[in-house]
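K.L.:
There's a structure below that I have some questions on.
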Amino acid sequence: MLFKMKSNSPLIRISHLQNNTHEFQFGGEEEAFNKNRSSPSMDPRYLKTPLLYTNNSLGYRTKEFESFKDNEFILVFGCSYSEGVGLYEEDIWHNHVAKMTGLPIMNMGLGGTGADIISLNSTLYVHNIDKLPKPKAVIFQWPGRARKYFVDDGANKYGDTIFSTVPAIGLEGEVEDHPHSYNTLKKLDFDYYTERYITYPGNLYHTVFRDVMTANTLFNSIGAKTFNWMWKADGLDADSDFLFDKSNIKISKVITDHISEKSGYYHARDMIHPGPLVHDEVFRQIKPKLERSIL
Amino acid sequence: MVALEFPVRNRALPGTRIYPRTLLCREGFKNIQGTWSIDDNQEKYENNKTSGILPEKYNDPSVVQYSYNSIGYRTKEFEEFTPNEFILCIGCSYTEGTGLNNSEVWHHLLGEHFNLPIMNLGFGGAGGDISAFNTLQYIKNKLPKPKLVIFQWPQTFRKMFVSERHRNEPFLIQSVVPSIDITSPNIVEDLDLQYMQNRYIVYKELAYVEQYTYYMTANTAFKAIGVPTFNFTFNNDNDYTHNYLFNSLQMKTVVAKFGLDEQYDFTKPDVARDGAHPGTRHQEKYAEVLLPDIGEILNAI
């Protein structure tokens, strides 16, 4: 996944999705959909009504930022689960939050991102709070802990954009599949990532803790309450929980393993991401904690 | 492969550990009182004295004294500061004042001028990542609110790494500082050094983006709670002009310039007792350069 950061942009831009309405969000999505059209697991709604993604002027799957009113919306950060890849907007977990609260959702979910991008975007959001609407509350869905961005020394080295890549998922496959497309830089990042970052994860734990702490502290500082959750399977372990347990930041762990294909249409349209049943279960589990903590 | 621009070695941060409820704990410096510290020890002093680089005033080493608080910072206990009545200074050894008395460091001279005490969070060997992390911990853990924060940003290529946790102890951290020569003792540190050497300081965009993030995070965090900030870097650390992202940052470059009428003897460098850091005359110059900007901010509060 590629992102761009521009010094005069209030948030990270997803340049290839800016002001865009499209049917498929990432390269393999259309292929997966076509391949699985006749699968009994495919929700027939996707065959009848096209799923269209509409992204705003910075490339997020949400309305224009200026259409939100101060203290009258909930801001959501997360990865593709929150972006709702393969899902109608009405099926994403946070749509249930919107219905419960009567408040619209500003969806800052970004597929392929980790805690580092969420932290950076949170920093940019609070830094630019004079230009962006102030949320009533912020909900963070924290992605898989091992995701990490790297920055490419590309052709735009002295231009106005930079590139970030999130290699945690599929990096190994990408390198194997396209060995010649990866330059020295990416090879060095890949080696470091596999041999050090995820093998000796002290640095990883610290980084996730720092990113979660940064995002929460900044929004709390401007008076916005925060709530944190993650899938248990995406989660941290005893070593990293050591940091969180002794901190005053809590992350609710959601378990949806019991929702299986036998339960119905388990998958989203891309047959990769969890479908509406799983998102319903996410909301069921976080609802009481949300009511207690931020609403 | 692009040639190395710096030799890269670990900068040990003795026993520095992450405790979630306070700032990074510099266990090796906790409650130190006296003539020496870990970064400025007697052995190094004897070597420097023998080589003749030290000013005469350091013939008696006890003219420099250290006093660190209970988590290893060269300042009073945090709870002894009165909210809104002190200046918080965050930086590296140039702010910690290695080789100098605290009263001789640039920030103390500013504090005296404005009649405000200084909370010195200078951290020898730290890069921007440590400054930003400590900033967030400071705010999250509700330490006393300062009247003003001054960030002295170290060179951009410093980077902290975190070791594994053993025996239920808190995580141990270390920082890599280009050009300081301390060898690395284990495989994780070797991997970190290789990454620094072959990637981080060679293909620099990642370091620039990270540095931009640290600056943004630290400044945004204090501004969000209504505390003004001032940012500077010393001339010899200044990599902050090399990337378009930095154009949007408010960063003053500080350099000590001596006029011909100031009787500065260039054959006898003005160094601190450790032989590595700028001496007392430089500190006076730094304060002189910073004074108008700091005065302007304080007047506007």
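The values are calculated or read from the model by the stated rules, or taken from the named source; none is laboratory data. Computed from a predicted model, the values in this text were never measured in an experiment. Virtual Cβ from ideal backbone geometry, glycine too; neighbours counted across all protein chains shown.
K.L.:
Looking at B:Y58, B:Y68 in this structure, which one is within 18 Å of B:E284 (Cβ to Cβ) and in contact with a Lys or Arg (Cβ under 7 Å, 6 or more places away or on another chain)?
P.N.:
Every option except B:Y58 fails the conditions.
K.L.:
All but one of (1) at pLDDT 85 or above; (2) surrounded by 13 or more Cβ atoms within 10 Å (Cβ to Cβ); (3) touching a helix residue (DSSP H, G or I) at 6+ places or on another chain (Cβ under 8 Å) hold for A:K4, so report the exception by its number.
P.N.:
Checking A:K4 against (1) at pLDDT 85 or above; (2) surrounded by 13 or more Cβ atoms within 10 Å (Cβ to Cβ); (3) touching a helix residue (DSSP H, G or I) at 6+ places or on another chain (Cβ under 8 Å), the one that fails is (1).
K.L.:
Given the structure, is A:D191 assigned to a helix (DSSP H, G or I) and either modelled with pLDDT under 90 or among the small types (G, A, S) (or both)?
P.N.:
yes
K.L.:
Select from the range B:242-257 the residues that are within 12 Å of chain A (Cβ to nearest Cβ) and of a type in the set (S, T, N, Q) and write down the one among them that is surrounded by the most Cβ atoms within 10 Å (Cβ to Cβ).
P.N.:
Going residue by residue through the range B:242-257, those that are within 12 Å of chain A (Cβ to nearest Cβ) are B:242-249.
When the remaining residues are screened for being of a type in the set (S, T, N, Q), the result is B:243, B:247-248.
Numbers: B:N243: 21, B:N247: 12, B:S248: 13.
Across the range B:242-257, the extreme among qualifying residues is B:N243.
K.L.:
Conditions first: (1) among the hydroxyl-bearing types (S, T, Y); (2) without any contact (Cβ under 8 Å) to a residue 40 or more places away in the chain; (3) within 14 Å of another protein chain (Cβ to nearest Cβ). A:T49 passes all but one, so which condition is the exception?
P.N.:
(3)
K.L.:
In the range A:227-243, which residues are more than 14 Å from every other protein chain (Cβ to nearest Cβ) and modelled with pLDDT under 85?
P.N.:
A:A233, A:D234, A:G235
K.L.:
Now a separate question. Within the set of pairs 6 or more residues apart or between chains, which connect a residue that is at positive phi inside the range A:87-113 to a residue that is of a type in the set (K, R) with Cβ atoms less than 7 Å apart?
P.N.:
Listed by first residue and then by second, the contacts come to nothing, as the list is empty.
K.L.:
What number of residues within the range A:104-135 are over 16 Å from the mean Cα position of the chain (by Cα), crowded, with 19+ Cβ neighbours inside 10 Å and either away from chain B (no Cβ under 14 Å) or under 21 Å from A:K289 (Cβ atoms) (or both)?
P.N.:
The total comes to 1.
K.L.:
Of these, A:F219, A:F150, which one is within 23 Å of the chain's Cα centre (by Cα), at pLDDT 85 or above and not acidic (D, E)?
P.N.:
Selected residue: A:F219, the only one of A:F219, A:F150 that is within 23 Å of the chain's Cα centre (by Cα), at pLDDT 85 or above and not acidic (D, E).
K.L.:
Inside the range B:39-94, can you point out the residues that are surrounded by fewer than 18 Cβ atoms within 10 Å (Cβ to Cβ), outside any helix (DSSP H, G or I) and either basic (K, R) or on the phi < 0 side of the Ramachandran plot (or both)?
P.N.:
Listed by number, the residues that qualify are B:N41, B:I53, B:P55, B:D60, B:Q65, B:S67, B:S70, B:K76, B:E77, B:T82, B:P83, B:E85.
K.L.:
Here is a further query. Residues in the range A:185-218 that are within 7 Å of another protein chain (Cβ to nearest Cβ), free of Cβ contacts under 8 Å to residues at least 40 places away in the same chain and of a type in the set (S, T, N, Q): how many?
P.N.:
2
K.L.:
Right, another one. Might you let me know whether the range B:98-107 holds any residue that is of a type in the set (D, E), buried (at least 24 other Cβ atoms within 10 Å of the Cβ) and away from every other protein chain (no Cβ under 14 Å)?
P.N.:
no
K.L.:
Hey, could you check the range B:163-184 for residues that are closer than 20 Å to B:G122 by Cα and not polar (S, T, N, Q) and say which is modelled with the lowest pLDDT?
P.N.:
Within the range B:163-184, the subset closer than 20 Å to B:G122 by Cα is B:172-180.
Okay, now just the ones that are also not polar (S, T, N, Q), so B:172-173, B:176-178, B:180.
On the way: B:L172: 69, B:I173: 68, B:V176: 66, B:V177: 61, B:P178: 56, B:I180: 43.
Here the residue is B:I180.
K.L.:
How many of the residues in the range B:109-132 are in contact with a Leu (Cβ under 7 Å, 6 or more places away or on another chain) and either at pLDDT below 95 or crowded, with 21+ Cβ neighbours inside 10 Å (or both)? Write out each step before concluding.
P.N.:
Start the filter on the range B:109-132 by keeping residues that are in contact with a Leu (Cβ under 7 Å, 6 or more places away or on another chain), which leaves B:110, B:113-114, B:119, B:121, B:125, B:130.
Cutting the leftovers down to either at pLDDT below 95 or crowded, with 21+ Cβ neighbours inside 10 Å (or both) gives us B:110, B:119, B:121, B:125, B:130.
So the answer is 5.
K.L.:
A:E29 is checked against (1) touching a strand residue (DSSP E or B) at 6+ places or on another chain (Cβ under 7 Å); (2) of a type outside the set (G, A, S); (3) at pLDDT below 95; (4) buried (at least 20 other Cβ atoms within 10 Å of the Cβ) and fails just one. What number does that condition carry?
P.N.:
(1)
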